[in-house]
Amino acid sequence: MIEWVFGKKKSFSDLDIPTSIQEVRRRSRILIIDDEEPALAADLRAASLSVDHVHDITKNNITIVEQEIYDLILLDYGNVGRSFGEDEGLSLLRHIKRVNPAVIIIAYTSKALKIKHSDFYRLTDGSLSKDAGIQESLEKIEGHLKKAHSIHDIWNDLLGRCNITPGSKEDLKLQDRVLRSYSKGTKKMKIIRELQEFSESEDGKKAIYALIAKSIQLITSSMGVN
Amino acid sequence: MSTNPLHQVSPLPIVDLDHITRPDNGVNISAPSMCQRHFERDNACQDHYERLRDNDNLHDKYIQCPHGLCSRYTTITNTNSVFTGFLLSGPWGGKRGNDLRKSHPSLVITDSEFSRYETAFKNWHSRILNFERNLADNYAFALHEIRKLNRTVKQTAERICLSKNGSAPDQADPDLVSIWKTSELMTSQFNVIELLANSELVQLEAVNKCEIYRLFDKCVKIYRSVNPDRRIQLHSDPNFYPIISACDKTISIIPTVLIENSLKYSLPGSTIDIYVRDTYPFCEINVSNLTKLNNSLDESIFKRGVRASPDGEGSGNGLFLAKQVVEQHNGSMRLVISEKNSQHMKCTITVRFQIRFYKD
């Protein structure tokens, strides 16, 4: 703390981000998007995970996947996301990845998709067959949740979008600024606006916002502020 | 004979240029006997077909074969073929053409007849393909429904086992564990069937991570549980936990097929040994079993429809599919025969993958 006050640059390596699976479970929120609520939802809840289920995402409830509410989404392919395009779950996946890249999305289907829909597996962060056993599913989901709580993964994604080289002076300066201002609304917004300049598209700006918001969320919780 | 079954309905004699053989008979015109004679006698026919395949400038012309008959290139749903063994009416093919037209009048067609035959054949072909696609879709739908039922059985059994013995569900009531593991086995078999129905799955990219030892360990546990009288041993180099890039949809087919085959063909009472070895930058998996002496066993068992043993069960598709999945993962697969004596031999299938990284 004394070093911070006297001007040593802060970086994410100073943070105490918990890695115990109990802590990850406690902090995580999962959304299942599936036209039928799978029995797995109850198994995940029984394992102390916070799980919500929606039958579909439409323009009316899109904000729940655009905001940084969930750490991980289990996304079915069939009978969901039709309001985003004819590729059902894949159309919805494309939208979420565009505006909220910080969220981990798992392809959750046991259907054998055609090769033209193989992006559903490629664009997601992993896949989980609905056939998978309970322990296998839980293990896979927890593995991804750990990643969702890795500030380094999220930060590197953000740097990539802002053309900043990880480990560069610019990166370290930005880390310092974010760590000094994470609880100060005006300064925080200034940083967000600056970084959003790196993207010309509205979706790109949303993505940058989502990544910073997620980073700040992780910083806040590591400081024990939440 | 061509390996393409759709060639059976070609109106004219036809050759698959990707797998050149003597011409198949056409429905309207049979391949003349001279085609068979000449094809077997020398390489002139083979060279002629290869020239037609490789030279784009010849694709829209009638070309005379070395024995005076007519050939014309065609594409049928992206495969290279050639109609051949017929004769074109009119002043085509010079004196040799005239002589053949006189001696073989049943082979003569006009240019417009050729066009009609070709169009009809292409239409036929696309109709059959559509039919097959619809069939595959229905098949996939049915399989999906059966998977759902199996999932209910599997997850319910696992849930009960977990509630009885949370720390070691595999050690819960043996009957329940047996139900659970049998439905796990069914899931593995469904994956194989699904690939048979939808071969496009091997075109999916290997973008997921797979711990290869755990993949085999899981499969071994399933087979041990449903075959308690068989010995299956899994070994690994010490502290070797390689992770490879994998396609979640297909990777489990490899251990399923290899272990299933070993069980099917191993001698009663013998052990099936599986080794996971560090051959940096690769990991190698050897699946070995003792089997009855079979001098004709070779790498052709990786071809479609070839059975490891003529009196064995099975469709002859398992190893073919497993090899396709291995290749999807940029790996290699080979067969090694050793410890041969008058009674039996040791059969090892080796699969090799590039290691992505090691687990800590």
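The values are calculated or read from the model by the stated rules, or taken from the named source; none is laboratory data. This one's a predicted model, so the numbers in the text were calculated from it and none came from an experiment. Note that each Cβ is placed from the backbone with ideal geometry, even for glycine, and that neighbours are counted across all protein chains shown.
Answer yes if at least one residue in the range B:275-290 is outside any helix (DSSP H, G or I), closer than 15 Å to residue B:348 by Cβ and among the aromatic types (Phe, Trp, Tyr), and no otherwise. Yes - at least one qualifying residue is present in the range B:275-290. Of all the listed residues (A:133, A:126), the sole one being within 10 Å of chain B (Cβ to nearest Cβ), modelled with pLDDT of 90 or more and in contact with an Asp or Glu (Cβ under 8 Å, 6 or more places away or on another chain) is A:133.
Residues in the range B:226-253 that are of a type in the set (A, V, I, L, M, F, W, C) and farther than 14 Å from residue B:282 by Cβ were compared, and the one that is surrounded by the most Cβ atoms within 10 Å (Cβ to Cβ) is B:253.
Checking each residue in the range B:158-177 for being closer than 14 Å to residue A:136 by Cβ and in contact (Cβ under 8 Å) with a residue 24 or more places away in the chain picks out only B:170.
Within the range B:25-37, residues that are under 22 Å from residue B:113 (Cα atoms) reach partners that are assigned to a helix (DSSP H, G or I) and not hydroxyl-bearing (Ser, Thr, Tyr) with beta carbons closer than 8 Å, at six or more positions or on different chains, in the pairs B:27/B:9; B:29/B:107; B:32/B:107; B:35/B:45. If the condition is being more than 22 Å from residue B:74 (Cα to Cα) and touching a Leu at 6+ places or on another chain (Cβ under 6 Å), then the range B:89-128 contributes B:100, B:101. Scanning the range A:37-73 for residues that are out of contact with any Lys or Arg (no Cβ under 9 Å at 6 or more places or on another chain), within 14 Å of chain B (Cβ to nearest Cβ) and touching a residue at least 12 places away in the same chain (Cβ under 8 Å) yields A:37, A:41, A:44. Applying the criterion of being modelled with pLDDT under 90 and of a type in the set (A, V, I, L, M, F, W, C) to the residues of the range B:284-301, the residue that is surrounded by the fewest Cβ atoms within 10 Å (Cβ to Cβ) is B:293.
Any residue at all in the range B:111-133 that is within 20 Å of residue B:4 (Cα to Cα), within 14 Å of chain A (Cβ to nearest Cβ) and not acidic (Asp, Glu)? Yes: the range B:111-133 contains one or more residues that are within 20 Å of residue B:4 (Cα to Cα), within 14 Å of chain A (Cβ to nearest Cβ) and not acidic (Asp, Glu). In this structure, does residue B:176 turn out to be more than 22 Å from residue A:127 (Cβ to Cβ), within 12 Å of chain A (Cβ to nearest Cβ) and over 31 Å from the mean Cα position of the chain (by Cα)? In short, no. Of all residues in the range B:2-24, those satisfying the criterion of being of a type outside the set (Asp, Glu) and free of Cβ contacts under 8 Å to residues at least 40 places away in the same chain are B:2, B:3, B:5, B:8, B:19, B:20, B:21, B:22. For the criterion of being at pLDDT 90 or above and at positive phi, residue B:26 fails.
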